[in-house]
Amino acid sequence: MEVFMDDFSMFGNSFSTCLTNLENMLKRWEDTKLALNWEKSHFMVKECIVLGHKISKKGIEVDKAKIEVISKLPHPTTVKGIQ
């Protein structure tokens with residue numbers, strides 16, 4: 001059996017905490033024989049998009065790209081279009 005998992009996120013209040021958390025997570029992946037796709041991995045970033053939300057020092061914000069797509073949708077003209 002193969003198990004696929006996506007979107008692991010970890011964080012810390014300091015660089016040192018982030019390194020410790022990363023080391024613990026990598027050890028757990030190794031112990032459980034999970035595969036990590038290095039090409040899709042991002043480490044030690046100050047902001048990122050997770051499940052459609054921008055996570056940064058400022059907090060959680062909606063991804064502006066999603067707002068733009070929604071704002072460009074045509075307005076519904078029928079009751080069915082509203083549903």
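The values are calculated or read from the model by the stated rules, or taken from the named source; none is laboratory data. Predicted model only: the values in this text are computed from it and were never measured. Cβ: placed from backbone, ideal geometry, glycine included. Neighbour counts: every protein chain shown.
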*List the number of the failed condition for VAL50; all other conditions in (1) loosely packed, with under 10 Cβ neighbours inside 10 Å; (2) on the phi < 0 side of the Ramachandran plot; (3) hydrophobic (A, V, I, L, M, F, W, C) hold.*
(1)
_Exactly one condition in (1) loosely packed, with under 11 Cβ neighbours inside 10 Å; (2) at pLDDT 85 or above; (3) polar (S, T, N, Q) is false for SER41; which is it?_
(2)
*Mind checking which pairs have a first residue in segment 17-43 that is in contact (Cβ under 8 Å) with a residue 12 or more places away in the chain and a second that is surrounded by 10 or more Cβ atoms within 10 Å (Cβ to Cβ) and not polar (S, T, N, Q), Cβ under 6 Å, 6 or more apart or different chains?*
CYS18/GLY12; MET25/MET10
*asked:* Just to confirm my filter: which helices (runs of 4 or more DSSP H) fall fully inside segment 3-83 and include at least 2 residues that are among the aromatic types (Phe, Trp, Tyr)?
replied: 15-31
